[in-house]
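The structure under discussion appears below in the form of structure tokens.
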Amino acid sequence: MVLFPVLKIGPKISAITRNLQTCCTMNKNNGQEDSLKKPFTIAIPMAGLGTRMRPQTWSKPKPLIHLAGCTVLDYVLNQFQSLLKFDDAHFVLILGPNQEDQVVPFMQSNHPDKIVHYIIQEEMRGQSHALYLAREYLQGPMLMCFSDTLIETDLTFLEKEQVDGIAWVKAVPDPRRFGVAEVGKDGLIHRLIEKPEQVDNNLAVVGFYYFKNGAKLMDAIQTQIEEDISLKNEYFLVDAINILIQNGAAMRVNPVKVWLDAGKPDALLETNRYLLEHGNDNSEKSAKSSGNTIIPPVYIHPEAQVTHSVIGPHVSVGAQAVITDTILKNTIVEQEASISNMVLENSLIGRSAAVRGRSEAMNIGDNSWIEI
């Protein structure tokens, strides 16, 4: 049996529920508990190194990257607001060893009314390993999503849900780089398949799950660890869920139409575009800025300073950013960044970064072509 390091559990804190669009049954005799008798626990593993988002993640956790007026973590938390008794839910954030000093103050400042438990995953040994470290809190009804997964879903139906678990899925043209759910004629998941070789099953698993009884998932993870069902020394949740299904759990899929990724630069910009187009555009207020041309949709923080610039479309500008004599398109500018005399497109500018161009004087004749 694999031994785990001693859990390091951070403080419990609590957070107001923010509207990010403007911020941006079974009885006890059979061993299961009615999901309505206990508050939900929402687990969010976020201990990864964020290598695909470097250099942005050299100095901050990936979930604290800003887009469309809020952080990725704000949007992740907002996904659960339709949950029955959301205000009573407990959040379990599973952090890496160097994330606590930024994530905890962020939660205390921005979400002070939420009940939050912190777990530190010292070694990156996979999704199942991360959840197992938090097993003390994951014994009743639970939801889980990855920290770079954003979907649009209504969770009110969970009040009357009868199955043991749900995997949210989205049909995609090519599922081979995702995990997929194999659904039988009975409408239940028979197994999850990681990175299938065939494309006939296109129900990609988006990384958002419901489990009626978290304790049973923890038992499945323990079996996974004891039998060392792993890949490259990491324990993947897909394998634990397959064990859960083999043990008799009834799981189904729940399709979604909107699945956004915040895990790599091009996907982050695409997600920023979508969020700006769907309720997070403040271009009407921003257009009042003197000397600027604002092309919606954009989000410009009220504390940002923008002068003699063209902003948009699809641009997010963070608090206390300073932008002068610049053209920005399809770009995210983090807080306190400074940009002057630049033309930028498809760009990510980190917090407190400084980007300076220079003025040029040219006399260009007919049919000339210049690239700088």
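The values are calculated or read from the model by the stated rules, or taken from the named source; none is laboratory data. These numbers come from a predicted model, not from an experiment. Note that each Cβ is placed from the backbone with ideal geometry, even for glycine, and that neighbours are counted across all protein chains shown.
Computed quantities for the displayed model
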| read-out | value |
| --- | --- |
| Qualifying positions in the range 135-149 - over 19 Å from the mean Cα position of the chain (by Cα) and small (G, A, S) | G140 |
| Count of the range 304-329 residues which are touching a helix residue (DSSP H, G or I) at 6+ places or on another chain (Cβ under 6 Å), in a strand (DSSP E or B) and not hydroxyl-bearing (S, T, Y) | 0 |
| Selection status of P265, surrounded by 15 or more Cβ atoms within 10 Å (Cβ to Cβ) and either out of contact with any Gly (no Cβ under 7 Å at 6 or more places or on another chain) or in the same structural domain as A47 (by TED's automatic domain parsing) (or both) | yes |
| Index of the failed condition, R273 passing every other in (1) in contact with a His (Cβ under 9 Å, 6 or more places away or on another chain); (2) part of a loop (DSSP other than H, G, I, E, B) | (2) |
| Which numbered condition A240 misses (of (1) outside any loop (DSSP other than H, G, I, E, B); (2) among the hydrophobic types (A, V, I, L, M, F, W, C); (3) in contact with a strand residue (DSSP E or B) (Cβ under 7 Å, 6 or more places away or on another chain)) | (3) |
| Residue match in the range 163-171 (condition: under 24 Å from T41 (Cβ atoms), part of a helix (DSSP H, G or I) and either in contact with a Phe, Trp or Tyr (Cβ under 6 Å, 6 or more places away or on another chain) or not aromatic (F, W, Y) (or both)) | no |
| Count of residues meeting criterion [closer than 22 Å to A134 by Cα and among the charged types (D, E, K, R)] in the range 37-72 | 3 |
| Qualifying residue in the range 206-221 (condition: assigned to a loop (DSSP other than H, G, I, E, B) and closer than 26 Å to P173 by Cβ) | no |
| Number of positions in the range 55-104 that are closer than 25 Å to R273 by Cα and either surrounded by fewer than 18 Cβ atoms within 10 Å (Cβ to Cβ) or outside the structural domain of K160 (by TED's automatic domain parsing) (or both) | 5 |
| Leading residue by the ranking (farthest from I349 (Cα to Cα)) among those in the range 61-82 that are assigned to a loop (DSSP other than H, G, I, E, B) and touching an Asp or Glu at 6+ places or on another chain (Cβ under 9 Å) | S82 |
| Odd one out for D281, checked against (1) over 22 Å from the mean Cα position of the chain (by Cα); (2) on the phi < 0 side of the Ramachandran plot; (3) in a loop (DSSP other than H, G, I, E, B) | (1) |
| Every residue from the range 102-119 that is touching a helix residue (DSSP H, G or I) at 6+ places or on another chain (Cβ under 9 Å) and assigned to a loop (DSSP other than H, G, I, E, B) | H111, D113, K114 |
| Residue check for G248: modelled with pLDDT under 90, surrounded by fewer than 21 Cβ atoms within 10 Å (Cβ to Cβ) and either within 19 Å of the chain's Cα centre (by Cα) or in the same structural domain as Y137 (by TED's automatic domain parsing) (or both) | no |
| Counted residues, the range 172-214 - those being in contact with a Phe, Trp or Tyr (Cβ under 8 Å, 6 or more places away or on another chain) and surrounded by fewer than 13 Cβ atoms within 10 Å (Cβ to Cβ) | 1 |
| Hits in the range 268-290 (condition: modelled with pLDDT under 85 and either out of contact with any Pro (no Cβ under 9 Å at 6 or more places or on another chain) or crowded, with 19+ Cβ neighbours inside 10 Å (or both)) | S286, K288, S289, S290 |
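For (1) at pLDDT 95 or above; (2) over 19 Å from the mean Cα position of the chain (by Cα); (3) among the hydrophobic types (A, V, I, L, M, F, W, C), each residue gets a yes or a no:
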position	(1), (2), (3)
H117	yes, no, no
E122	no, yes, no
L131	yes, no, yes
I151	no, no, yes
F157	no, yes, yes
D164	yes, yes, no
G187	no, yes, no
K195	no, yes, no
